[in-house]
Amino acid sequence: SLAEELTRPNTTPAIVPVSEQRRLLTENRLELALLASAHLTDPIYGMAHLGCSLAFHLNEYYALGLTVTKNVPALSSISVQLRDSLGIDVQRVPHLSWSSYFDAIYKPIYGKMQYSQNTPLWYSLYVLLTTGYLQFTHKSYPLVGIGIGEKINLDTKWSLKFDFRGLYHIQPHVYESGYMRNTDPLPENDQFGEYSEVNYTLDFSLAYLFE
């Protein structure tokens, strides 16, 4: 039975129907999170972004979320190699300053992993449909994307969240011939061409659920 499954010690995740035996109800509750984000395919700057997110849970299945992150300026290892070996200054390229995402969230799975009778670990899995903007130093670009996430409840208010997104957007070329070396004329931002890109992000969050 479901009651026996919820109390039986095991290390195998058990999926609990969304409508049954919930340890934590989220309907009409607000959730605030602090996060660190990695842009996994950024060729110029370091991957680290810091930010916060706000989510409103419409019910146990659906939620709406807003995320804002700020880039932490740091050159990637590739950019340092280009600068040191070839004299190419990638800091001349317009770079990402901050990001904002609006998410529609679907939460189909709620379950638990239990390592002993008194220490269950409750979690949920969800799908993200994303739209938003990337703000570069000279202009902003719209984006669309899709993602998946997992939320692990530490208690009735605090949780850890892990979100992985694939984002499609336009961005400036990372290299424009005739402008990249220190001896070249200093370019204007609009002299760089644009191209479409699929960028992958991974967010780690510490979230608090308000009553």
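Brief remarks on what is shown
- All conditions but one from (1) within 27 Å of residue 168 (Cα to Cα); (2) in contact (Cβ under 8 Å) with a residue 60 or more places away in the chain; (3) crowded, with 17+ Cβ neighbours inside 10 Å; (4) under 24 Å from the mean Cα position of the chain (by Cα) apply to residue 92; the one that does not is (4).
- Qualifying residue in the range 178-196 (condition: loosely packed, with under 13 Cβ neighbours inside 10 Å, within 23 Å of the chain's Cα centre (by Cα) and farther than 17 Å from residue 88 by Cα): yes
- None of 107, 151, 112, 161 is crowded, with 17+ Cβ neighbours inside 10 Å, touching a strand residue (DSSP E or B) at 6+ places or on another chain (Cβ under 8 Å) and modelled with pLDDT under 90 except 112.
- Breaking point among (1) touching a helix residue (DSSP H, G or I) at 6+ places or on another chain (Cβ under 6 Å); (2) at pLDDT below 75, for residue 94: (2)
- Of all residues in the range 124-146 being closer than 15 Å to residue 109 by Cα and crowded, with 18+ Cβ neighbours inside 10 Å, the one that is nearest to the chain's Cα centre (by Cα): 128
The values are calculated or read from the model by the stated rules, or taken from the named source; none is laboratory data. Please read all numbers here as calculations on a predicted model, not as lab measurements. Cβ coordinates were reconstructed from backbone atoms using ideal geometry, including for glycine residues, and neighbour counts include every protein chain displayed.
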